[in-house]
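Before any comments, here is the structure.
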Amino acid sequence: MNGRPLPPSRDLRLVHVDARERQSVVSLRAGGPSFGGEELAICAGPCAVESREQIVATAAAVARAGANVLRGGAYKPRTSPYSFQGLGRDGLAMMREAADLHGLAVVTEVLDPRDAEIVAASAEMLQIGARNMQNTALLRAVGETGKPVLLKRGLAATVDEWLLAAEYIALTGNEQIVLCERGIRSFDPSTRNLLDLSVVPLLARRTHLPTIVDPSHGTGIAALVAPMGLAAIAAGAAGIMVEVHPDPGSAVSDGMQSLTFAEFDSFMESMPAVAAAVGRRLPKRFAAATLNVTTPP
């Protein structure tokens, strides 16, 4: 291909790389976290908001380690109807309080078009999960809020299908879209999903939208999260999304892929060298946090 962008789908008009002179940067608020610039976006938090104590403690820990966006689910899309479905509006309020206490932005998932405005009132960024990537009514509703949107790749979605889902959002007039690779379904049960890191540099040739990577869902195994997160940054990801929990063993969902606070600290400490190698840097709050660490004699 001689370094040229790959041939586009004829229907990729607003999100295609040629639609903009340069790669987009999506900012969550003035002076706040952004996706696509030199500074990485670090989204961290529990799979689900379980209690005020849990989300406040997690927000404190991830902020202290250098994250700048709090993730967490108030509305949970579960495979089984008998599994924990989330705390709903109460969970949103807890998450907003925790984020405000520790200077974090909020990203959280919307499941129903009727809830889009409700969630938008509590979050800087709205997430479309893998199960809903092609829910066109939801794509439109979330786009119409005017808030930045995190669009996760579907379990078996091609790159064109993923980008066409982003096109639905962009057609509402909202092009503040960030793509998130979170693994695709594979024949091999060794990991929860197959994390497709090749898609990161591929998307840079196909779209002006920034891409982040979720190594928690992409692997389903806590021990693999940090290595694959670092690999994602090396591949050019604009940020990462990681699940962190005070006690993964007692988590109501996804405990097996959640990092402890200490594990997240270690992950963050290993990140600057990799980021620097590809021309990125960690959020300013990470530098501030490291200045407060006392080096033992």
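Bear in mind these aren't lab numbers, they're just calculated from the coordinates by the rules spelled out. Predicted model, so just to flag it, every value in this text is computed and none were measured. In this analysis, Cβ positions are derived from the backbone assuming ideal geometry, glycine residues included, and neighbour counts consider all displayed protein chains.
Some notes on this structure:
- Ranked R206, R131, criterion: other C-beta atoms within 10 Å, fewest first: R131, R206
- Once both labels are positioned 7 Å from their Cα atoms along Cα-to-Cβ, the gap between S51 and D18 label points is 5.7 nm.
- Under the criterion of Cα pairs below 8 Å and six or more residues apart, the relative contact order for the chain equals 22 percent.
- If the segment from D247 to T136 were pulled out straight at 0.36 nm per residue, it would be longer than the present Cα-Cα gap by 36.3 nm.
- Other-chain or far-sequence residues with amide H under 5 Å of V252's (modelled H): none
- For the options K147, K76, K284, a Gaussian network treatment of the chain with springs between C-alpha atoms closer than 10 Å singles out K284 as fluctuating the most.
- Our compactness index for the chain, the C-alpha radius of gyration over the empirical 2.2 N^0.38 Å, is 0.93.
- Debye, to nearest 20: dipole size of the chain, +1 on Lys, Arg Cβ, -1 on Asp, Glu Cβ: 480 debye
- Under 5 Å, built H, 5+ apart or other chain: amide partners of G73: A48, V49
- Percent of Cα pairs exceeding the 20 Å cut-off, where the set is segment 28-137: 38 percent
- Beta bridges by DSSP in the chain, antiparallel share as percent, to the nearest 5: 15 percent
- One decimal place: the segment Q85-T158 gains 23.5 nm when fully extended, by the rule 0.36 nm per residue minus the C-alpha distance.
- The phi torsions of segment 82-94, fed into the Karplus equation with coefficients 6.51, -1.76 and 1.60 and a -60° offset, translate into couplings of 8, 7, 3, 9, x, 8, x, 4, 4, x, 4, 5, 5 Hz, rounded to whole numbers, with Gly and Pro shown as x.
- Residues E167, E38, E243 arranged by fewest to most Cβ contacts within 10 Å: E38, E167, E243
- Kirkwood hydrodynamic radius over Cα pairs of segment 164-287, then Stokes diffusion coefficient at 20 °C and 1.002 mPa s, in µm²/s: 139 µm²/s
- For segment 206-223, putting each phi into the Karplus relation 6.51 cos²θ - 1.76 cosθ + 1.60 with θ = phi - 60° gives couplings of 10, 9, 8, 6, x, 10, 10, 10, 10, x, 5, 6, x, 10, x, 10, 4, 5 Hz, in residue order, rounded to whole numbers and with x for Gly and Pro.
- Simple rule: put +1 on each Lys or Arg Cβ and -1 on each Asp or Glu Cβ in the chain, find the dipole, and look at A204, P227, L155; the Cα lying farthest toward the positive end is A204.
- The distance between label points at A262 and R185 comes to 3.8 nm (points 7 Å beyond Cα on the Cα→Cβ vector).
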